[in-house]
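Engineer: Sharing a structure, written as structure tokens. Questions coming.
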Amino acid sequence: MSINYQQQEALARSEILFSKLWEISVDGMRLTDENGTIIMVNDAYCRIVELSKEELLYKPFSVVYHESEQESVLALYKRDVINSKIQTHFERENTLWNGTRRWFEFSNSFLNLTGEGIFTLSVIKDISKRKRSELILTDSEEKFRMLFNNANDAVFVTQLSFDKTYGDFIEVNGVACERLGYSKEEFLRLSPSAIVMPKYINEFNKHNDELLNKSHVIYELVHRAKDRKLIPVEISSHLFTYNGKPTVLSIARDITERKRVENKLRKTGERLRNLASHLQTIREEERSTIAREIHDELGQVLTALKIQVTLLSNKLRDDQQEIKEKIISVSAMIDDTVENVQRITAKLRPDILDELGLIPAIEWQAKEFEMVTGISCSLTLPEDELILEEDKSTAIFRIFQEALTNVVRHSGAKMVSISLQLNADVMILKIRDNGTGIKPEQIKDFKSFGIIGMKERALILGGEVSIEGMAGKGTEVKVEMPLNNK
């Protein structure tokens, strides 16, 4: 009797424990007989199917489904029971009785109770949220795959190892294979350095370090194909985490045509600048020749004429006063003409630039400017003369003249400050006025030929002209010219 009593105690405790587990389970639990009639359900199952126990117990389990599915799910269940082959674990999408579509995960097992028959215990989870996420992810992956494989640019995916060096490629698209001549299988056995021109490896590593800090970099590189063909590319690399590992997505655009056009434009620009430089040289030579011929030929004629007029004046008698006065007037006209000739020849090519150098030429031009315009000039110049090549001295002087011309024409300034200083191997000339200040759109205007001319003069010789205007405060022209040979 004591053994039977202990067995009954154990059975009672088991039933209490089973009942507790049945009710507190977060998963839906359902017990059905061999006909599919519901014998037991827990509260979680009722919440999943949105029906009460009273609406479920002792009814076919198919009542939870939409009427369009009830017959098929019940027939499938009975077939499995008859054949003793139940699906132990599967996922399925169903429409519930109220039209709501849900994804369920089923875990089924047979219970063969002696004298009671065969029952099916089903543990059911509502996995709708998870499946929706999976479907969205799958859809995103399909779209990514479509974009990945149909991109016009080569796309590479690599993963960084723990020491932050590149591992092998883990994915490439068809464009990458076609462009570089490797099959996908060959690519997946390579590392990124295998397709980089060796002379650019250090630059490649530098950009990789930058990528680790910024997570996105754009740079240019040269790829080397399997057949050794060199392909200039522009690469946009993004760093992200995939499967817990740092991963790099790189999009490489073939810029061969762009580089060809850039090189053509660069060569054309160089030819145009060389032509401009040649024309500038010719113009300066012509100016010097014209100035010299005017000075030598016309100057000599005027000097001889002055002497002849003076001699003629000395031979006149005292009673020839009227003629003397006319000769005096002619002599004055000759003097004015001599001054005009000197002024013209100085404008064409000041002798001081060739004979004494750039600094005295700037001083002379500033004084002439101040005398003609009434605009005061302050000078800050080195005490020692600069040793510059003739073409650079000429270019700087002509830029200086153009800057002063712009001051007169446009600034309305009352004062100009001029400074020239040496900074390492660069000479810096600044011309600053206190006028209205040039506007940014005036600096960029393609019709501003004076500004364009200044910049081109400097650029031809490796220098640079920058112009900055401040409204109501004036304009500064800054000329930077390297002192070393071109």
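Engineer: Could you check SER84 against (1) on the phi < 0 side of the Ramachandran plot; (2) open to solvent by 60 Å² or more (accessible area, probe 1.4 Å); (3) over 55 Å from the mean Cα position of the chain (by Cα) and say which number it fails?
Structural biologist: Against the list (1) on the phi < 0 side of the Ramachandran plot; (2) open to solvent by 60 Å² or more (accessible area, probe 1.4 Å); (3) over 55 Å from the mean Cα position of the chain (by Cα), SER84 comes up short only on (1).
Engineer: Could you count how many residues in region 167-195 are more than 16 Å from SER236 (Cβ to Cβ), at pLDDT 85 or above and not in a helix (DSSP H, G or I)?
Structural biologist: Residues flagged as more than 16 Å from SER236 (Cβ to Cβ), at pLDDT 85 or above and not in a helix (DSSP H, G or I) within region 167-195 amount to 9.
Engineer: If you check GLU476 against the conditions, is it open to solvent by less than 80 Å² (accessible area, probe 1.4 Å) and under 28 Å from GLU389 (Cα atoms)? Full working, then the answer.
Structural biologist: Working: open to solvent by less than 80 Å² (accessible area, probe 1.4 Å): yes; under 28 Å from GLU389 (Cα atoms): yes.
When the stated conditions are applied, GLU476 passes them.
Engineer: Scan region 408-437 for residues that are more than 30 Å from ILE387 (Cβ to Cβ), open to solvent by 40 Å² or more (accessible area, probe 1.4 Å) and in contact (Cβ under 8 Å) with a residue 24 or more places away in the chain and jot them down. Before the answer, list the steps.
Structural biologist: Step one: list which residues in region 408-437 are more than 30 Å from ILE387 (Cβ to Cβ), which gives 408-415, 434-437.
If we keep only those that are open to solvent by 40 Å² or more (accessible area, probe 1.4 Å) as well, we get 408-410, 412, 414-415, 434, 436.
Scanning region 408-437 gives VAL408, HIS410, GLY412, LYS414, MET415, ASN434, THR436.
Engineer: Pairs needed: first member in region 36-53, of a type in the set (Asp, Glu); second member anywhere, in a loop (DSSP other than H, G, I, E, B); C-beta distance under 7 Å; at least 6 residues apart or different chains.
Structural biologist: These pairs meet every condition: GLU50/ASN98.
Engineer: Name the residues in region 178-236 that are among the aliphatic types (A, V, I, L, M), closer than 16 Å to LEU249 by Cα and surrounded by fewer than 13 Cβ atoms within 10 Å (Cβ to Cβ), would you?
Structural biologist: Of everything in region 178-236, just one residue is among the aliphatic types (A, V, I, L, M), closer than 16 Å to LEU249 by Cα and surrounded by fewer than 13 Cβ atoms within 10 Å (Cβ to Cβ), namely ILE218.
Engineer: Within region 315-337, how many residues are open to solvent by less than 80 Å² (accessible area, probe 1.4 Å) and either part of a loop (DSSP other than H, G, I, E, B) or among the charged types (D, E, K, R) (or both)?
Structural biologist: Count: 4.
Engineer: Okay, next question. Does any residue in region 107-125 that is within 15 Å of ILE86 (Cα to Cα) come within less than 6 Å, Cβ to Cβ, of a residue that is open to solvent by 70 Å² or more (accessible area, probe 1.4 Å) and assigned to a strand (DSSP E or B) six or more places away or on a different chain, and which pairs are these?
Structural biologist: Within 6 Å, the pairs are SER107/HIS89; ILE118/ASN112.
Engineer: Got at least one residue in region 444-460 being open to solvent by less than 10 Å² (accessible area, probe 1.4 Å) and within 26 Å of LEU483 (Cβ to Cβ)? Walk me through how you get there before you give the answer.
Structural biologist: Here is the first cut: in region 444-460, the residues open to solvent by less than 10 Å² (accessible area, probe 1.4 Å) are 454, 458.
With within 26 Å of LEU483 (Cβ to Cβ) added as a condition, the list becomes 454, 458.
Checked region 444-460: at least one residue is open to solvent by less than 10 Å² (accessible area, probe 1.4 Å) and within 26 Å of LEU483 (Cβ to Cβ).
Engineer: Related question: If LYS164 meets every condition in (1) over 26 Å from the mean Cα position of the chain (by Cα); (2) part of a loop (DSSP other than H, G, I, E, B); (3) modelled with pLDDT under 90; (4) over 30 Å from ASN35 (Cα atoms) apart from one, which number is that one?
Structural biologist: Every listed condition holds for LYS164 apart from (1).
Engineer: I need the full set of residues from region 89-129 which are open to solvent by 70 Å² or more (accessible area, probe 1.4 Å), modelled with pLDDT of 90 or more and part of a loop (DSSP other than H, G, I, E, B), in order please.
Structural biologist: Of everything in region 89-129, just one residue is open to solvent by 70 Å² or more (accessible area, probe 1.4 Å), modelled with pLDDT of 90 or more and part of a loop (DSSP other than H, G, I, E, B), namely TRP97.
Engineer: Another question about this same structure. Considering (1) open to solvent by 20 Å² or more (accessible area, probe 1.4 Å); (2) farther than 13 Å from GLN365 by Cβ, say which one THR405 fails and leave the rest.
Structural biologist: It is condition (2) that THR405 fails.
The values are calculated or read from the model by the stated rules, or taken from the named source; none is laboratory data. Since the model is a prediction, treat every value here as computed from it, not as a measurement. Ideal geometry is used to build each Cβ from the backbone, glycine not excepted, and the neighbour counts take in all protein chains shown. When the accessible area is computed, the model is the full protein with side chains, heavy atoms only, and any ligands, DNA or RNA have been set aside. Shrake-Rupley method; radii C 1.70, N 1.55, O 1.52, S 1.80 Å.
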